[in-house]
Amino acid sequence: MTPEVLRFADDGRIPNNPRLPALLYRAALPPGDPATAEALFARNGWPPAWRNGIHPFHHYHPNAHEALAIARGQVSVQLGGAAGPTLSLAAGDVVVLPAGVGHRNLGASADLLVVGAYPPARCRSSSPAARSSTPRPSRPSTWSRTPSPTRSPAAPGLPNRPLRGRLLGVTRGRPMAEPTDIFEILHGTRAMRRLKPDPVPDELIARILRAGASAANGGNTQKWRFLVVKDMAIKQAVQRWYRRAFDEVVGPRYAASAPPPGSTAERYHRQHGAVEYLTEHFHEAPVWIVACLEEAKPSRWSGASVYPAVQNMLLAARALGLGATLTTRHLLFEAESEAALGLPPGVHSYAILPIGWPMGKFGPVGRGPLRDITYLDRWGENWDALEG
């Protein structure tokens with residue numbers, strides 16, 4: 001199993017580790033059994049130390065490497081400090097953090113259970129975790145000089161090798177944390193319609209909203225308005241119209257339509273199933289963001305001042321490991337749905353984004369060839385640059 005490799009620089013508050021990167025092992029363990037994680041750690045010479053969660057503030061261990069196994073649930077963890085990437089970790093994932101590497105829980109499912117382990121005593125001290133606000137030691141070399149353990153804590157099915165060798169031996173591999181590259185996020189933000197009802201921390205929703213409010217809009221007038229809906233009664237009232245729109249329009253359209261470009265009959269059938277699932281469980285998504293415009297007379301170009309914000313929020317949700325989808329189906333019964341939402345006169349909804357922890361896995365979007373939808377200079381003229 002080749003781990004994903006993550007390196008972090010000193011950000012002035014979190015020292016991180018100039019010598020050793022963090023390692024991320026995806027699906028290293030069967031989910032749901034903390035005893036299996038403890039046995040793996042012990043077998044590789046990292047005595048398991050605790051079962052708990054992860055602190056909700058930036059912190060690091062000055063003189064200890066640490067291994068974290070997600071035994072149950074899901075969690076979004078930011079590594080490396082306030083500017084570091086966010087990893088979406090699920091049950092079975094293991095992350096190995098060298099001394100000095102900052103980490104913080106940004107939000108987790110209610111059933112989160114983490115198993116923590118440390119290497120033998122010669123590779124750690126009894127120093128507690130330090131907050132990013134704690135004054136740093138006067139000798140910052142302590143974390144960089146912490147000895148490398150002789151074994152990796154999470155290498156199931158592989159021979160034990162010195163951890164330093166494993167860390168340095170995979171640096172040619174492509175780092176693949178929860179994506180931070182914009183193109184990776186763009187091509188991996190597909191509709192996630194099957195969502196868990198577990199609560200989503202307000203802090204994550206606020207980050208998504210800030211991303212939305214950073215989007216392009218006409219004249220920078222910022223006429224967008226965002227209604228965050230958690231109230232079950234409101235969601236159920238809208239869901240009644242949402243289901244009726246499926247029964248009368250969307251469901252029959254799916255049944256009568258051929259698969260779209262880039263899809264297959266099997267994939268389209270699965271998509272139809274996911275759409276039907278969202279229809280029945282729309283109100284169970286823990287958070288909705290209703291994207292609106294405050295505009296007396298909407299025009300053809302009005303959407304240009306709200307849909308960029310919607311896309312930004314979808315991308316932000318993906319970067320945080322949250323599932324979301326863009327749906328406008330409620331607009332088939334616009335007046336009834338907006339009355340259920342309690343929108344005042346002059347405010348119009350353009351989309352609802354149900355947001356939650358995904359039940360399934362993220363994957364690439366399915367689209368047809370670019371050359372079929374792009375022309376050069378004149379309509380219908382192919383662009384040779386897109387061939388091949």
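The values are calculated or read from the model by the stated rules, or taken from the named source; none is laboratory data. A quick note: this is a predicted structure, and the numbers were derived from the prediction, not measured. In this analysis, Cβ positions are derived from the backbone assuming ideal geometry, glycine residues included, and neighbour counts consider all displayed protein chains.
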Of the conditions (1) part of a helix (DSSP H, G or I); (2) under 28 Å from Asp111 (Cα atoms), Ala255 satisfies every one except a single condition; which number is it? (2)
Taking the criterion of being in contact (Cβ under 8 Å) with a residue 60 or more places away in the chain, under 27 Å from Asp181 (Cβ atoms), surrounded by fewer than 21 Cβ atoms within 10 Å (Cβ to Cβ) and not assigned by TED's automatic domain parsing to the domain that holds Lys361, would at least one residue in segment 64-81 satisfy it? no
Pair list, Cβ under 9 Å, 6 or more apart: segment 246-272 residue under 23 Å from Asp372 (Cβ atoms), other residue of a type in the set (Asp, Glu): Tyr254/Glu276; Pro259/Glu266; Pro261/Asp372
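Counting just the residues of segment 306-358 that are hydroxyl-bearing (Ser, Thr, Tyr) and not in a strand (DSSP E or B), which one comes out surrounded by the fewest Cβ atoms within 10 Å (Cβ to Cβ)?
Just the residues of segment 306-358 that are hydroxyl-bearing (Ser, Thr, Tyr), to begin with: 307, 325, 327-328, 337, 349-350.
From what's left, not in a strand (DSSP E or B): 307, 325, 328, 337.
Numbers: Tyr307: 19, Thr325: 22, Thr328: 15, Ser337: 23.
The qualifying residue surrounded by the fewest Cβ atoms within 10 Å (Cβ to Cβ) is Thr328.
Kindly indicate whether Ala385 is without any contact (Cβ under 8 Å) to a residue 60 or more places away in the chain and either assigned to a helix (DSSP H, G or I) or closer than 30 Å to Gly107 by Cα (or both).
Numbers: without any contact (Cβ under 8 Å) to a residue 60 or more places away in the chain: yes; either assigned to a helix (DSSP H, G or I) or closer than 30 Å to Gly107 by Cα (or both): yes.
Answer is yes for this residue.
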Taking segment 23-48 and the residues there that are hydrophobic (A, V, I, L, M, F, W, C) and touching a Lys or Arg at 6+ places or on another chain (Cβ under 8 Å), the one that is nearest to Leu97 (Cα to Cα) would be Leu23
Which residues, counting only those in segment 97-107, are assigned to a strand (DSSP E or B), crowded, with 24+ Cβ neighbours inside 10 Å and touching a residue at least 60 places away in the same chain (Cβ under 8 Å)? Leu97, Gly107
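Just checking, does segment 83-96 include any residue being of a type in the set (D, E, K, R), assigned to a loop (DSSP other than H, G, I, E, B) and crowded, with 17+ Cβ neighbours inside 10 Å?
Looking only at segment 83-96, we keep the residues that are of a type in the set (D, E, K, R), and these are 93.
After this cut, where a residue has to be assigned to a loop (DSSP other than H, G, I, E, B) as well, the list is 93.
Imposing the further condition that a residue be crowded, with 17+ Cβ neighbours inside 10 Å reduces the set to 93.
Yes, that holds for at least one residue.
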Applying the selection to segment 14-50, what residues are surrounded by 15 or more Cβ atoms within 10 Å (Cβ to Cβ), within 27 Å of the chain's Cα centre (by Cα) and part of a strand (DSSP E or B)? Ala22, Leu23, Leu24, Tyr25
